[in-house]
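Here's the structure, in structure tokens; my notes come after.
What follows is calculated from the coordinates using simple rules that are stated; it is not laboratory data. Remember, it's a predicted structure, so these values are computed and weren't measured experimentally. Please note: Cβ atoms are built from the backbone with ideal geometry, for glycine as well, and neighbour counts cover all protein chains shown.
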Amino acid sequence: MTNTPSRTGLFLVNYDIGTPAIGSPNLTLSLTVNTVHKVVNGFGQITQTVSPPLDLHTRVDGSFTYMTVMPDVTHILVVATGYPPVQWPPGGGVGPVLQPNFELRMVLDKGWQGGTASYSFVEASGRRVEIEKAVVTSSGQRGGPIHTLYGPAMQEAAASGDLARMKQLAAQAEQHLSQSAEIESALAALKAEIGRSERAR
């Protein structure tokens, strides 16, 4: 029987990914995880202190699978591809054909807290750079690495009667609601993209 994480539904993860080498590229990754369909979507940024400085942005889409090698040892394999983000106006017709600028293979612990990654990216010159055995750590942005976006966790906490857990989730929900303006803006952009994609079909 596969030992899978208890988190279900839809949540966010934020990671810093890098190697110990001085001057090496650093990848920051923000993903939405859909555990029902086993897909991830989000954005990445790769920076490097070189001349000229590297600042590459990528829109990331991929999938994940659970890997259990022993009864109690489960890891998560995330495989994703990134494309340059493009702002395409609604009704603008078929958008440009883009080549991937980012590839990722990441192995995480079963709690989505960290692991290792290999990734590659394409510089502006067209040269592909490959990074192996980078360390993945939770960035801790916005109060923590993982944020549940809807109710199962709150329902479970209420049913358990665990007062400390209920208070913790209530505080997280209040923080989430305080960011609602930003979420509404992102949702409006997402709906516009959905409409554009549907019209293009």
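What spacing in nm lies between the two simple spin-label points modelled at S120 and N26, each 7 Å away from Cα in the Cβ direction? The two pseudo-label positions are separated by 2.6 nm. Cβ-Cβ distance of A200 and H37, R₀ of 22 Å, FRET efficiency by 1/(1 + (r/R0)^6): the value works out to about 0.50. On full extension, the segment bounded by S51 and D72 gains 2.9 nm, given 0.36 nm per residue less the C-alpha separation.
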